[in-house]
Every structure is written in C-alpha cells, then in structure tokens.
Amino acid sequence: MPSALPELELPWPLALAVLLVTIVLAWFLARTYERRARRLTRLRSRSLARDLARFLGARLRGATLRRTVETANHGTFWSAVEPLAFRLRRRDWLRLSRALERNRHAAAERRALRDDSPWRRELAARRLALLRAPSSRRALRRAMVRGPEAVRYAAARALARYGDLAALRWVLSHPERLASRHPAAWTSLLRAFGRRARADLLAGLDLPPALPALERALIEALGLLGPAAAAGAIQPRLASPDPELRVAAARALGRLAAAERAPALVMALGDGVWQVRAQAAWALGRLRAPAAIAPLTDCLADPSWWVRRHAAYALGALGADGRAALRHVADTSRDPFARDMALEVLNGGARLRSA
C-alpha cells in the first residue's frame, strides 16, 4: 500500500547548507553558554571574595563564612581565595586559615594529591598553599616525599609558606630529589621559608656540597635573608672553581653589607670572569669601602661594560673621594669608554641623563 507521506529529499547543496547552519548554531549556543557560565562564576567569586574581606574586617562571623563556603562550587572558592591569600599580612592569612581550616574544597585537594595525573597533584599542592591547615600539612609532606619532582617542588613551596622548617631540613637532606630544578627555582624555594630558616640555611652551607644548584641557592638566599654571620661561610666561595658560585658569593657579600670582607672582594676585581668582577664592584659600592677606590678606578678601563658601570656607580657611592676619582678619570683618561662612564655618574646617573 503506498505511503500517504512521500519521502522528502533535499537537493545536496541545500542539505549541506542546513548541516552547516546547524553546526554554526550549535557552536554559537555552546559559546553563549560558556560565556554565561564564566560570567556567573566571576560574579560568584566576587561575592565570596567580598564575604572573605568582610570576615577579615570583623564584619562577618566565621560560622556564616563557613556556611557560605560550603555552598560555593569548587572553582568559585579557589578563584576567590587565590588573589586574596597572597596579599594578606601573615597574621590575617593565619586567621583566615583557622576559620576555613575544615572545608570540603581543601579536603578535595588533599584527595587530589593522590590523583593519577601529576599535573592535578601539582595544582592541588599549589591550592593547599593558600590556606594553612594541619591536615593539609601532613598531606603535603607525603606528596613531597612521594613526588614526582614537579609535585615535590610544589609541595615544598606550599610547606615553605606554612613555615614548616622540618620540610626545609628534608629538602636540604635530599637535594637529589629536586636535582633538575633551575638555580632560580631553588633560590625561590629556600627564600620562601623566610628569616626563621636562616640557621638551617647556614647549616646547609656548611655541609659538603651535594648539588651545585643548591649551594648557589643557599648563598643567594642567605644574602637576601641574612644573618651577617653568613658572610664568613660565603667568602670562601669567591675562590670556587665554579664561576656561578663566585658570582653568587660576591653578590651575597654586598647584600649582607659585610664590610670586613672588602679585601676579598677587591681581589675578586681581578677575576678572569667578567660577571664576577662586575658583582664584586657592585658589592664594594654597597660596602662603602674607602680602600676600594683605587682598584675600582682601575676597573673603569675594564673591557666589560658591566664591570665599568658597576665600578663607576660604586665610586659614586663612596662619597667625595670616590667622586674625585671619577672626576680625575673624566678629565685625564685617554680611554673614551672610561671617560663616558665616569661622566654618566658625575652628571647624575643614567636616569638623569636619559630624562
């Protein structure tokens, strides 16, 4: 029996056009939905951030904040906490951490530290650094030991924010577990433990060098954090066969204002590596060492622009006698590069000259 509704067959160009319109419409609707979802997430994050600020300003009770946090979705919570956590004074950060010590979002990140994906574990360690909690500390310590290296480093950074000196001692005892980290990453990690870590950092420098990157980072961190007593352990590195260690040692001695180390830095002005000479000149300017005027003046004829620059600015920092040496070079030197650098400092420095 013939069908009452004959099949409708579209010409292929029209069918293709319908298909393309359907795809474009679906793409447009998906993009619209995504934009609305992102906008809604931002609005919710801002609202939660305002509640966090109200709590810190004693205008919102902790119990009310905790109820709000429990109803927030995961992304909203971390989006609100992250920009705030790094701006807070430590006292306020600890107060916020105590208020939110037990919340489902942090618990989810602690579970994520056991995820199959190293990337997800690393993200979890970074998030757990935002709020301090004893349970998070224990989970981060386990992650630091288990690794892999990227996760281990992120967990160590989180524990540094907690001020966990036991974690620092583990890192110093197992530097091979972070062997591929760049020296700058090492320095950033050690420095993050803060001034309370100075004794452990100094003890680490006294140990036999296990990793060049760690030894360099210890020197850099001690130069930034102190104490002044570290200068005695750092000075011998000016004679290291590793030029990177010599550079770090010269820079650290300048930062520590270790005036008694000026003779060793004067000797470093004759180093065969220009980076060492440049840092030694910079350090002598920080130390305001009058005995360095003559050797710094000689450095104005150095082949390296950086050595000449640091030497000239160091002389400028040495008061009337240093400026007199610069004037003598500007008036009498047969080296045009030495004269130009001396005149730059005498005329007020690079900023004034370029203004």
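The values are calculated or read from the model by the stated rules, or taken from the named source; none is laboratory data. Quick caveat: nothing in here was measured; it's all calculated off a predicted structure. Positions of Cβ are backbone-derived with ideal geometry, glycine not excepted, and every protein chain shown enters the neighbour counts.
Side notes on the structure shown:
- Single condition Ala257 does not satisfy, out of (1) under 21 Å from Ala317 (Cα atoms); (2) assigned to a helix (DSSP H, G or I); (3) not charged (D, E, K, R): (2)
- Test set (1) crowded, with 23+ Cβ neighbours inside 10 Å; (2) under 32 Å from the mean Cα position of the chain (by Cα); (3) farther than 24 Å from Thr187 by Cα; (4) not acidic (Asp, Glu) - Leu300 fails condition number: (2)
- Filtered residue count, segment 201-236, keeping only those that are surrounded by fewer than 19 Cβ atoms within 10 Å (Cβ to Cβ) and either at pLDDT 95 or above or closer than 21 Å to Ala278 by Cβ (or both): 3
- The residues of segment 169-188 that are over 13 Å from Ala217 (Cα atoms), crowded, with 16+ Cβ neighbours inside 10 Å and not charged (D, E, K, R) amount to a single one, Trp170.
- Single unsatisfied condition, Ala324 versus (1) over 22 Å from Pro227 (Cα atoms); (2) in contact (Cβ under 8 Å) with a residue 24 or more places away in the chain; (3) hydrophobic (A, V, I, L, M, F, W, C); (4) part of a helix (DSSP H, G or I): (2)
- Among (1) within 21 Å of Ala124 (Cβ to Cβ); (2) buried (at least 17 other Cβ atoms within 10 Å of the Cβ); (3) not basic (Lys, Arg), the one test that Leu56 misses: (1)
- When Arg66 is tested against (1) at pLDDT below 95; (2) loosely packed, with under 15 Cβ neighbours inside 10 Å, just one condition goes unmet, and that condition is (2).
- Number of residues in segment 150-168 that are basic (Lys, Arg) and either surrounded by fewer than 22 Cβ atoms within 10 Å (Cβ to Cβ) or farther than 22 Å from Leu123 by Cα (or both): the value is 2.
- Of the set (1) in contact with a Ser or Thr (Cβ under 6 Å, 6 or more places away or on another chain); (2) charged (D, E, K, R); (3) touching a residue at least 40 places away in the same chain (Cβ under 8 Å), all apply to Arg127 but (1).
- Members of segment 43-79 found to be under 27 Å from the mean Cα position of the chain (by Cα) and of a type in the set (Gly, Ala, Ser), listed by number: Ser45, Ala49, Ala53, Gly75, Ser79
- Evaluation of Leu214 against (1) touching a Ser or Thr at 6+ places or on another chain (Cβ under 8 Å); (2) in contact (Cβ under 8 Å) with a residue 40 or more places away in the chain; (3) within 30 Å of Ala192 (Cβ to Cβ) (one fails), failing number: (1)
- Meets criteria (crowded, with 23+ Cβ neighbours inside 10 Å and not polar (S, T, N, Q)) for Ala278: yes
- Conditions (1) more than 30 Å from Leu207 (Cβ to Cβ); (2) surrounded by fewer than 14 Cβ atoms within 10 Å (Cβ to Cβ); (3) not polar (S, T, N, Q); number of the one not met by Ala239: (1)
- Any hit, segment 219-232, residues being assigned to a loop (DSSP other than H, G, I, E, B), closer than 16 Å to Ala192 by Cβ and touching a residue at least 24 places away in the same chain (Cβ under 8 Å): yes
- For segment 22-48, the set of residues classified as modelled with pLDDT under 75 and either of a type in the set (Phe, Trp, Tyr) or surrounded by fewer than 10 Cβ atoms within 10 Å (Cβ to Cβ) (or both) consists of Phe28, Tyr33, listed by residue number.
- Within segment 69-85, considering residues that are in contact (Cβ under 8 Å) with a residue 24 or more places away in the chain and surrounded by fewer than 16 Cβ atoms within 10 Å (Cβ to Cβ), the one nearest to Ala108 (Cα to Cα): His74
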